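Nothing in this text is a laboratory measurement; each read-out follows from the coordinates by a stated rule. What you are looking at is a predicted structure, and each value in this text was computed from that prediction instead of being measured. Cβ placement follows ideal geometry from the backbone for every residue including glycine, while neighbour counts extend to all protein chains displayed.
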Amino acid sequence: MSQDLLNFIFIGGSFGLYIYIAFSSRASSTKEYYTAGGGVSPFANGMATAADWMSAATFISMAGTVAISGYDGSRFLMGWTGGFVLLTVLMVPYLRKFGKPTVPDFIGDRFYSKVARGVAVVCAIFICMTYIMGQMRGVGVVFSQLFGISIQSGVLVGASIVFVYAGLGGMKGITYTQVAQYCVMAFAYTIPAIFISIALTNNFIPQLGLIGDYNAAGPAVPFLEKLNKINTDLGFSEFTSGRLDTINMFCITAALMCGTAGLPHVIVRFFTVKNVASVRRSACWTLGFIAVIYLTAPTIGSFSRVNLITQLEDRSYADVPQWFLEFEATGQMAWVDKNDDGKIQYFGPGKSESNTNTVFVGAGPMYPGTDTPADQLVGKHGERLLANRADETNPNELWFGNDIMVMANPQMAGLPMWVIALLMAGCIAAALSTAAGLLLVLSTSISHDLMKKIIKPSLTDREEVNYARAASFIALAVAAYFGINPPSAFIAKTVAFAFGLAASSFFPTLLIGIFSKRMNKQGAIAGMLCGITFTIGYIIYFQFLGGSSAEYLWGITPEGIGFVGMIINFVVSFLVSSLTAPPPTYIQEMVVNIHVPGSDTATLSMGGEESEGETRDGVGGEGI
Amino acid sequence: MPESSPGESGDSLTPNANKASAHEHKRYFRSSLVVIAWLLPVWFLVSYGCGILFREWLDANAPKIGNAPFGFWMAQQGSIICFVILLIVYAVWMKRLDDKFSQVEKI
């Protein structure tokens, strides 16, 4: 049985399952569309949230980042799990008590202002868009690898699939589909890791293999020591030390953590369970399921680095493994024979005077068009030639995208074909589940918060859902465009910006909104605007307008600037609030009430008593 | 005490009960802030403390986990395990508070 056939069986089978689930649990009302009716069990919701959370970026890119940067990759590992502690302890129980289905809804009501609601909608759109872009890119990488097509066509195929089942199914369909997707992802991620761990370290638990001995060739040596030696021999910094300075490590981790706690699509997940106690249990399950993948990621990263280097370094192109040729064909690996010896050399920045290891000039590989003569397409050793000029300041000859580490992993380790097929299915599940969840939040923000609550309150349920579907189509088209022309070279980085935006806008505003009675609308609006404007400005200036790294504020990279944006938000909020009048009494009472799960005055329950919720909405809200 | 009985009549019972429950609510909220005040420092210590700020010192001086330096292991594995434990502690602790103050949420 060929690899292609196996891929088709696994992916086709999983697709059939998702579509069956999405179809049999599709939403019939706005409530089911937005929050699945509010009756999902904590266990199932935990699994669905974990699938929602684990994006293509996590699945494909995170292990690759750890493989490239070793210790530095920990910022993603800690940032994307630690945020859940903040989220659970400080946010969701209270937001769930308040009982509004979207984040802009909470902000609009708590700060009794349409302007606040509008600003929140804009922030939500920015955050989700940035995040979906990363997902679309991920979908593209997977499909291009799978069918041997270009990333552009991969993005388009992925976008159309996401639209069909997320736009139509709503939260209810998505939640149950995500339960299935989590299972696929967990198996797809851990099984290759187990195989590779056995091969390299003789230990069938990868996490123990990582701290165990390397047994694959020669006498046993501690695995991490072996990896450090490989790295330093080739001119990289030690795997366990990393290169990033402490302030950036701190800021980026903090931005990711606070961003996690402010991401609208994660917060919304906890509205699908019954009550506050279930929210807490559900959060435990969520983090537990996420931890399964996050504890495996660093092992995959370090194992695959050893495999990659032992298989490619100093090998002549004539006998490179088959997988190298495949990745070369799709443009995700490239070899430039700088010293003309027909062998692949891979070096770190430490091996050159210029302290770089860029293979060629330019951000990514470019290839000559198909009408160029054959001798410009294929080099004398048979390699695919690039249109980029070689960077002769350093001896490094091997280029590869970080995003391929996980995908190439089973092939590098020579695993059976069905494992590779399973991995493909897992990658697609990861991308689809997150893109679907985000798309839902984005379309809800537009249909519910913008159309229904601000522009046209007379919308009926049915019209509202139709607006949501139309909005998700437009959002997806924009995301697909940026997936094809990504603003940043690799997925995890694009996604990190989304977290910066969330950390600087929603996190502080929600936190103050929940815990401070005194905060008024002027403070919240000013804080959100200053935080997100500062962060977006900083990112755009350094990412698109060519600001150099010498101009960084205290040396903080755009990835970590969300942390500074967050502090600005806090400071501005309190400053402006202390200079203006305190909020009305009923708002202050409302804040006191959301602190206690059993108090009934502010319980806008979501499970069945729609009419009661609506009247209270009128009392506590802005009187639409 | 016959003179106090008119005061305890049905009319004034509701505000008193409200006041009592408001007081209970305040105590509940204060207790939940205590929970947060215990958990967040631990959260900070295992992630930022062990994984970032004191990593180099811990790598050099603390006992290794298997073959991995302590700070590195905390950053890549240990902190995540601690996060899960923290959330379990939070859920159990808050459940006990709920029971103590009989905070049964209306569904």
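Okay, here's what the table says:
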quantity	calculated
Cα centre as origin, Lys/Arg/Asp/Glu Cβ charges: the stretch A:397-477 dipole, Debye	340
Fully extended contour minus Cα-Cα distance, from A:LYS456 to A:THR372, at 0.36 nm per residue	24.6 nm
Among A:210-216, A:354-360, A:253-259, A:303-309, the order from most to least packed when residues are scored by Cβ within 10 Å on average	A:253-259, A:303-309, A:210-216, A:354-360
Square roots of 5 times each gyration tensor eigenvalue, C-alpha, the protein assembly as shown, largest first, Å	47, 27, 24
Angle between chain A longest axis and helix A:114-147 axis [Cα atoms, degrees, rounded to 10]	30
Nitroxide proxy distance, nm - points 7 Å out along Cα→Cβ at A:LYS517 and A:GLN588	0.6
Spacing of the two label points (7 Å from each Cα toward its C-beta) at A:PHE23 and A:ILE247, in nm	5.8
Two-site label geometry, B:ILE85 and A:ASP319: point separation in nm, points 7 Å out along Cα→Cβ	5.0
Nearest-20 debye value, the stretch A:87-176 charge dipole, Cβ charges on Lys, Arg, Asp, Glu	300
Cα-only radius of gyration and Dmax that characterise the stretch A:353-407, units Å	12.9, 38
Selection from A:VAL157, A:GLN181, A:VAL89, by position along the positive dipole direction of the stretch A:34-192 (Cβ)	A:VAL89
Extension gain, A:ILE9 back to A:GLU353 (0.36 nm per residue minus Cα-Cα distance, nm)	118.8 nm
Whole-Hz couplings from phi, Karplus 6.51/-1.76/1.60, listed for the stretch A:554-567; x for Gly and Pro	6, x, 7, 6, x, 4, x, 5, x, 5, 5, x, 5, 5
Debye equation applied to the C-alpha atoms of the stretch A:333-481, log10 I(q)/I(0) at 0.13 Å⁻¹	-0.83
Folded to 0 to 90 degrees: helix A:461-484 orientation relative to chain A principal axis, Cα	30
In sequence order, calculated HN-Hα J values of the stretch A:424-434 (Karplus, 6.51, -1.76, 1.60; Hz; x Gly/Pro)	4, 4, x, 4, 5, 4, 4, 5, 5, 5, 5
Range of Cα positions in the stretch A:37-121 per principal axis (Å), largest first	48, 32, 22
Cα lying deepest toward the dipole's positive end in the protein assembly as shown, options B:PHE72, A:ILE455, A:SER354, charges on Cβ	A:ILE455
Computed [θ] at 222 nm, deg cm²/dmol, chain A (DSSP H ≥ 4; -39,500 (n - 2.57); rounded to nearest 500)	-20500 deg cm²/dmol
About the Cα centre, charge dipole magnitude for chain A (Lys/Arg +1, Asp/Glu -1 at Cβ), debye	1780
Length-normalised contact order of chain A in % [C-alpha pairs under 8 Å, at least 6 apart]	27
Ellipsoid semi-axes in whole angstrom, largest first, where each is sqrt(5λ) of the Cα gyration tensor of the stretch A:254-405	43, 18, 16
Long-range Cα-Cα pairs in the stretch A:270-328 (distance over 20 Å), rounded percent	56
Enclosed volume per residue, in Å³, of the convex hull spanned by Cα atoms of the stretch A:187-241	87
Positive-end residue, chain A charge dipole about Cα centroid, Cβ charges, pick of A:GLY523, A:LEU442, A:ILE428	A:GLY523
